[in-house]
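Read the structure below first, then the notes.
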Amino acid sequence: MPIDFSNLLENPGDYDVKIIVGEGENIKEFRAHSLILSSRSTYFKKGLSAQWARKNDDGIIIFNKPNISPLVFEIIMKYIYTGLLHIENNNEIGIFDVAIAADELELLEAFQQLEEILTENKSAWRTKDIIKVCQLDHFTNLYDFTIELVSNNPKMIFDTEEYLKMEETSLIKLLKCNELKLEEIKIWEYLIKWGIKNTNSILDDNITKWTSIDFINLEQTIHNCIPHIRFFQMSPNDYTKIRTQFKDILPNGLDEEVLQYFSNPDFKTTFNVLPSRSLFDSKIINSKDAAIIASWIDKKQGAFYNFKNIPFKLKLIYRASQEGFEINKFHDKCDNKGPTVVVIKVRGSGEIIGGYNPLEWRSFKILEDERSPLLYHNRDFYINHQHESSNSFIFSLANQKIPILSRVTFKREAITWCKDKGPCFGFEDLFIYSLNGNTAGKSKQYSYEKEVINKENFEIEEYEVFQIIDDRLKSIVFQFINRMFRSIKRMFERVIRFIERKFANFLLPVLLFVMGITYLIIFVVLHNIVYMFIITHQGYMWWCIFIVVLIVLLLLRCCLEYTLLS
């Protein structure tokens, strides 16, 4: 532990160094001791050496640091003399300001402490700090962290005045980010806003008042940024809005090729077609991870899906850090939601593990009252109730290394429902539980092929649950129903023509009324069956009812067709 020299800081006494920090009117002089400075900082050790030191007539070494503010340097001096860091984060001085100074003065331990604070506390970041990180190349960990931070919440940068003051190189770094969760047309609009602000000749925000010279000047300002806008990934409507106003500043030939690409995705463009940005909402996994999990769900052979080609949606329904880590919070948000994917980030190691439940989660039993067709919840809760499935699996994304897939082997133990636990896979293969008021995880291989983490007990930093919304079945069912309705409509038209020929006119209104009511009943029955029971997966009985109704309709059609033909 460093020796406390705080008394010497407050009462310098026999000092031999004067450090003048700041510039303009914001200047302050600090008195210090070369021995202490040199022992704590290699920067000062070199700067105060006989080779570099500059002394005044009194033999005092004069040291100038105009690029560090007095408030920041005061914190640095307290650290050098006491070994303690105390920072009050505010608009005037931030933790990142102190981190920059610590890095420059080669105070490695101080910088590491500050870096840890910044990466664990998102509220410690100010917009100008994030922009400054983008301008500095050597803060690798902080740069990666801020890019992830901005990707998940782009408006924390783009909706501020500081964004308009960004350097072009920093803006391009953001535009290159594949994980930026912002629609491409919004990114274009922010770029135009930045371009207007940084083009001196453009005085009016109203584009309709611009001259051709204004457009030329704007193009020159954003020329290096335009190639990073993903025009080919926009919707045709969004691109039409852009070309209507800004066609003249787009690269030569781009407009024609984008339009051809929209009409024919196999068109070979001469431009670099950048991939679509990931709008996937997760703090744990990215779009590539989601595509891998989706491929496992579909048991896809060969290469994994590309994110934009996933045939179903992964909708975030629960994030522990937002909703609360309590077990009841999980059940409130995730019970009776159908198939789900659980993703867990392990505290400390950063490992990403999880599982797929093709059924649903439940904490209490659902029974049908014999006196009513309505479903009600009784007080009989599930406690370690095992449910069978052949399609469930658990996995590990192994910190971006080779992913691990572990499918169920003992199908009767695939999924466990329990009101006192969170998601549970297998006997004890992977589950979340409450321990002394804290949420923890446990994994021991029993019911699945292999283990996905090499520790039995672990702490959870974050976990999320995604609902699988598969519209493929819905699309097939409704296509079939639409064909049925069109067929029934044609059949009724033929019946009407038959009646017109065979019966007196006074019977026609009555028969038309009866047939109209019948058609309406058929539509309502099918509509309710499909929406209330098939799409929400409420049991096999309603599948049977649906199939029986379709068979009856088909038989009815055949009988009428036979009658009409005869």
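No lab work stands behind these numbers, since they all come straight from the coordinates. Since the model is a prediction, treat every value here as computed from it, not as a measurement. Quick reminder, even Gly has a Cβ in these numbers, built from the backbone with ideal geometry, and neighbours come from all protein chains shown.
The calculated FRET efficiency for Gln51 paired with Glu92, based on their beta-carbon distance and R0 = 35 Å, is about 0.45.
Placing a pseudo-label 7 Å from each Cα along the Cα-to-Cβ vector at Lys122 and Asp144 gives an inter-label distance of 1.8 nm.
Could you give the distance between the Cα centres of region 261-288 and region 27-55, to the whole Å? Computed from Cα coordinates, the inter-centre distance equals 54 Å. Here the spin labels are modelled as points 7 Å beyond Cα on the Cα-Cβ line, and at Lys299 and Phe267 they lie 4.0 nm apart. Straight-distance candidates among the aspartates and glutamates for linking to Lys419, with alpha-carbon spacing under 16 Å and chain neighbours fewer than 8 residues away dropped: Glu326, Asp332, Asp335, Glu360, Asp380, Glu428. Of the residues Leu218, Leu71, the one with the fewest other Cβ atoms within 10 Å heads the list, and the complete ranking is Leu71, Leu218.
Residues Cys424, Cys134, Cys225, arranged from fewest to most other Cβ atoms within 10 angstrom of their Cβ, appear as Cys225, Cys134, Cys424. The slack between Leu84 and Lys28, meaning 0.36 nm per residue of separation minus the straight C-alpha distance, is 18.0 nm. Each part reduced to its alpha carbon centroid, region 95-132 and region 311-343 end up 34 Å apart.
Taking label points 7 Å from Cα along the Cα-to-Cβ direction, Lys241 and Gln220 give a separation of 2.9 nm.
Kirkwood hydrodynamic radius of region 1-124, from the reciprocal of the average inverse Cα-Cα distance over all distinct pairs: 15.0 Å.
Taking the centroid of alpha carbons for each part, region 425-473 and region 180-221 are 49 Å apart.
Over all pairs of different C-alpha atoms in region 287-469, the reciprocal of the mean inverse distance, the Kirkwood hydrodynamic radius, equals 16.7 Å.
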